[in-house]
Amino acid sequence: MIKNSTINHQLNHRTIRAFKSKTLTKEQLNILYSVASHTPTSMFMQQMSIMHITDPDKRTAIREVSKQPYVGANGDLFIFLVDLYRNQQIRHQKGKDDGRLHTADIFFQGVDDAIMAAQNVIVAAESMDLGVVPLGSIKNDPQKLIDILDLPKMTFPVLGLQIGIPDQQPQLKPRLPLKFTTFDNSYPRDVNIDDLKDYDQIVTTYYDLRDANRRVDSFTNQIAGPKLDQHYTKRDEIMKVLHQQGLCTDENIG
């Protein structure tokens, strides 16, 4: 089996939610920023930016949006943005209009840039024995987060990362077997819940044995649970907020 230090880190990835009360050094920050900047970027448009949130009031406000007690506590907090504002300003100063910047196509190119940069930062941080927790929860109230960060139109926060020195050692969380997630040439439509019984048992055992936040549950029960049941959340306003930011305004074309 092919093994090297990078693959070993990736195969042993654990989400860290407790960090020691120490911030990253300037050298560590610059390394992570450089790694992010060298991520592949669609059409070389470089349509993402990173905000490093050090202000205690902003961190507290972001924690309230996320509704997770570890967000903005210890460690360093980063917000990855789709950033079309910079390129809009470049076009204007070159005497051009906004062109295709308001299309869903360009927005999703920016999403690709931001998410790939975040993943590169995760790999780099873990290679330095740092811990990371990705924070999709920053989008629990997208407009409030935009207000907290005082973001201009043509930007949108897509993912947070909290990075720091781990203060816990969680167990490795079991993932779906590859036969359920990787396919050659065509997508299999014969999904049968009975085929997931063994994996359900593995997940249930994981929750039964893990060190903290004990919850005995199976994978299929989680999928059939309240998270995906019909209910309103502020996340349902994402498209409305995108439009208010001047993004994806072509969605009804055709």
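The values are calculated or read from the model by the stated rules, or taken from the named source; none is laboratory data. What you see is a predicted model, and the numbers here were worked out from it, not measured in a lab. Quick reminder, even Gly has a Cβ in these numbers, built from the backbone with ideal geometry, and neighbours come from all protein chains shown.
For every residue, the table says whether it meets (1) closer than 20 Å to Val241 by Cβ; (2) of a type outside the set (S, T, N, Q); (3) touching a Lys or Arg at 6+ places or on another chain (Cβ under 9 Å); (4) free of Cβ contacts under 8 Å to residues at least 40 places away in the same chain.
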site	(1), (2), (3), (4)
Met45	no, yes, no, no
Pro56	no, yes, no, yes
Arg59	no, yes, no, yes
Val65	yes, yes, yes, no
Pro69	no, yes, yes, yes
Asn74	no, no, yes, no
Gln89	no, no, no, yes
Leu101	yes, yes, yes, no
Val111	yes, yes, no, no
Exercise. Give the residue, chosen from Ser137, Ser127, that is surrounded by fewer than 22 Cβ atoms within 10 Å (Cβ to Cβ), under 21 Å from Ile79 (Cβ atoms) and among the hydroxyl-bearing types (Ser, Thr, Tyr).
Key: Ser137
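Would you point out the residue of segment 43-58, among those that are in a helix (DSSP H, G or I) and farther than 23 Å from Val111 by Cα, that is nearest to the chain's Cα centre (by Cα)?
Out of the qualifying residues, it is Lys58.
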Exercise. Identify the single condition in (1) modelled with pLDDT under 95; (2) part of a loop (DSSP other than H, G, I, E, B) that Leu176 does not satisfy, given that it satisfies every other one.
Key: (1)
Practice problem: Could you give me the residue pairs with C-beta distances under 9 Å whose first residue belongs to segment 200-228 and is modelled with pLDDT under 80, whose second residue is among the aliphatic types (A, V, I, L, M) wherever it lies, and which are 6+ apart or on separate chains? | Solution: Ala212/Ala18
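Conditions tested, residue by residue: (1) surrounded by 13 or more Cβ atoms within 10 Å (Cβ to Cβ); (2) in contact with a Phe, Trp or Tyr (Cβ under 7 Å, 6 or more places away or on another chain); (3) of a type outside the set (Lys, Arg).
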position	(1), (2), (3)
Ser21	no, no, yes
Ile31	yes, no, yes
Gln46	yes, no, yes
Ile50	yes, yes, yes
Pro56	no, no, yes
Gly72	yes, no, yes
Quiz item: If the Cβ limit is 6 Å and pairs must be 6+ apart or interchain, which residue in segment 243-254 that is at positive phi pairs with which residue that is at pLDDT 95 or above?
Solution: Gly246/His102; Gly246/Lys153; Gly246/Met154; Cys248/Ala104; Cys248/Phe107; Cys248/Leu242
